[in-house]
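The values are calculated or read from the model by the stated rules, or taken from the named source; none is laboratory data. Since the structure is predicted, the reported quantities are computational estimates derived from the model, not experimental observations. FYI the Cβ positions are ideal-geometry reconstructions off the backbone, even for glycines, and counts take in every protein chain you see.
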Amino acid sequence: MVKKFLVCLLMLACVSLCAAQEAKKNSASAPRPDLSGTWVFDAGKSKFGNSSAKLMYDSLTLIIAHHEPKVEITRKLVLKGQERTEQLTYYSDGRGEKNTLPEHQITTQPKPSKSARMNPEVVESQTAWNGRKLVTRSFHKFSEHGETLEAETIDKWELSPDGNTLTQVTSFRPPRPSVFSRAIVVAGDVSDIKKVYKRVP
């Protein structure tokens, strides 16, 4: 009786494992959302997480060329009446990437103390799909009292079912100094920032 019970239990475990592997395989082979298109920032539907965060540009347009696993983003911003263009490249297969991050993009992140020196020139990141969301983890380095600290930013991109709305949710994780460091980091408000973009026909 016990032997039969153990055999049934083993068979059930095998069936469950096979089903889980098949579901994972189907998920991996499922077509990914195509983020390609021209997208205009919708300030009215976006949220900045705290009242002190301010919009640092007059307008923002994204031009995305998405050919799996490569995602190329051209950001066109208007800042104080002056237009600026930025080029960013990501790879959804997790290989990692390096992009130049202008200083104005990190002004709403958890801020280090006033003595800290930001180094926004090159930002390393890794990108991968999590279901239908494209997730990028970026790492920002700066120095405090001679010690290099690292903060993490997580961007989650999601396309609406009708394909006309692109949502970017940004989360910030403040840096943690080592136990031997004298650096003091002020985390501030770390609420998520939600940016909504509308597709241009």
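Structure values in brief
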| read-out | value |
| --- | --- |
| Qualifying residues in the stretch 64-86 (those that are of a type outside the set (K, R), at pLDDT 95 or above and surrounded by fewer than 16 Cβ atoms within 10 Å (Cβ to Cβ)) - the one farthest from R199 (Cα to Cα) | P69 |
| Subset of the stretch 38-53 that is at pLDDT below 90 and within 17 Å of the chain's Cα centre (by Cα) - its residue that is surrounded by the most Cβ atoms within 10 Å (Cβ to Cβ) | F48 |
